[in-house]
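Take a look at the structure set out below.
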Amino acid sequence: MKKAFIITSSIETSNDHPLTYSQSRSHFSNEDRLRQTVATIASVDQASDDETTIYLVDSSNNWQSYKSIFSYQKNLKYVSVEDEFPEIINDVRTHPQKSRCECLILSTFMSKYKEELSQYDFMFKMSGRYLLDRHFDISLFNEENKNKIFYKKPLEWEWSDTWGYSMVDIRKDTGDNKLRQYSSVIVGWSKPYFEKYTNMFTTVATILSQPNMYHYDVETLSYYFSRPYAEDIIETDWVVYGWLGTSGQFVRY
């Protein structure tokens, strides 16, 4: 089974453009972010096989240098947002809603690489600078699951009206008082869901372009928009590691 990892990446960032929740866009230097990205690729490579391709879709200005640096990884294709998708580069680098930036990269890349990506049976979106470990079992991606979607088990929170999340309130359907979120660090889908996920990322990017929607995030919207496909979702015990970009805090969950 052919597999593709799409790693969304911003090795270079500028703190001249704060986020909705942080005055600093990144706690780390560009050199730190490069080292963390190298570790991401190594962890993905260890979880891969000979039928796996890694796409590093990076928004850095100094893309020629990074493309050269990553040439050591023979199953990796470096995709420069600035070079190939210049129409979105300003938004990706400066927009205050981080989830919009990531979903805009994904929707644009998947739309423009649609023909090339059609060869893969399974695709995974992974956030740059995060790490996988042995909990990520590649044997799950087989003929039996060729029509499935893969998420980490959702985070659950007791509902609060103070969030202003009425648009995603499905408590009548779930029969409890919970808000659920799917991690956006790693998510996978099979070939039959390619168009649906391209459309989902486009929809989320569009929603989060509106200032009155800035308080939403891709984690919340991913759970909400995936409900029509719930029967095809496999919720996994995957574990991810990494450093939060704005604070530098190490997390494992």
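The values are calculated or read from the model by the stated rules, or taken from the named source; none is laboratory data. Small disclaimer: the values here were computed from a predicted structure and weren't measured. Here the Cβ is made from the backbone with ideal geometry for all residues, glycine too, and neighbour counts use every protein chain on show. Quick note on the areas: whole protein, heavy atoms, side chains included, nothing else; ligands and nucleic acids left out. Shrake-Rupley method; radii C 1.70, N 1.55, O 1.52, S 1.80 Å.
Projected onto its three principal axes, the C-alpha set of the range 136-253 covers 44, 34, 30 Å, listed from the longest axis down.
In the range 157-203, what percent of the accessible surface is made up of carbon and sulfur (1.4 Å probe, ligands and nucleic acids excluded)? Summing carbon and sulfur atoms, their accessible area is 51 percent of the total for the range 157-203.
Rolling a 1.4 Å probe over the heavy atoms of the protein chains gives the chain an accessible area of 47 Å² per residue. When the chain is described by a simple charge dipole with +1 on each Lys and Arg Cβ and -1 on each Asp and Glu Cβ, the residue from THR52, TRP163, THR220 located farthest towards its positive end is TRP163.
Among the protein heavy atoms of the range 9-109, carbon and sulfur supply 45% of the accessible surface, probe 1.4 Å, non-protein parts ignored. In this structure MET167 has an accessible area near 60 Å², from a 1.4 Å probe over the protein heavy atoms.
Long hydrophobic helices in the chain, taken as whole DSSP H segments with a C-alpha length of 18 Å or more on their own axis and mean Kyte-Doolittle hydropathy at least -1.0: 30-46, 98-112, 194-207.
Place a +1 charge on the Cβ of each Lys and Arg in the range 1-136 and a -1 charge on the Cβ of each Asp and Glu, then give the dipole magnitude about the Cα centre in debye, rounded to the nearest 20.
Numbers: 16 positive and 19 negative charges, 52 e Å.
Here the range 1-136 has a charge dipole of around 260 debye.
Solvent-accessible surface (1.4 Å probe) assigned to ARG227 amounts to roughly 70 Å². Across GLU102, GLU115, the residue with the most accessible area heads the list, and the full order at a 1.4 Å probe is GLU115, GLU102. What the Kirkwood sum gives for the chain is a hydrodynamic radius of 18.7 Å, with every pair of different alpha carbons counted.
Taking TRP243, TRP157 and ordering them by how much accessible surface each has at a 1.4 Å probe, largest first, produces TRP157, TRP243. Take the alpha carbon gyration tensor of the range 53-121, find the square roots of its eigenvalues, order them as a ≥ b ≥ c, and report rounded if a/c is under 1.5; if not, report prolate when a/b exceeds b/c, else oblate. In terms of gyration-tensor shape, oblate. Anisotropy class assigned to the range 76-184 is oblate, per the alpha carbon gyration tensor with a/c at or over the 1.5 cut-off and a/b no larger than b/c.
Using helices alone, I'd like the mean residue ellipticity at 222 nm for the chain: each DSSP H run of four-plus residues gives -39500 (n - 2.57), total over residue count, nearest 500. Let's see the in-between values first.
Values: 9 runs with 79 residues, N = 253.
Roughly -8500 deg cm²/dmol at 222 nm, from the helical runs in the chain.
Sorting TYR55, TYR224 by accessible area (1.4 Å probe), largest first, what list results? If you can, show how the numbers build up before the last one.
Values: TYR55 0, TYR224 70 Å².
Largest accessible area first, the residues go TYR224, TYR55.
I want to verify a result. In a Gaussian network model of the chain, Cα cutoff 10 Å, which of these has the top mean-square fluctuation: SER65, SER226, SER26? Highest fluctuation of the listed residues: SER65. Taking the alpha-carbon centroid of each part, what is the distance from the range 28-79 to the range 187-218 in angstrom? The range 28-79 and the range 187-218 have Cα centres spaced 24 Å from each other. Rolling a 1.4 Å probe over the protein chains gives TYR66 an accessible area of about 20 Å².
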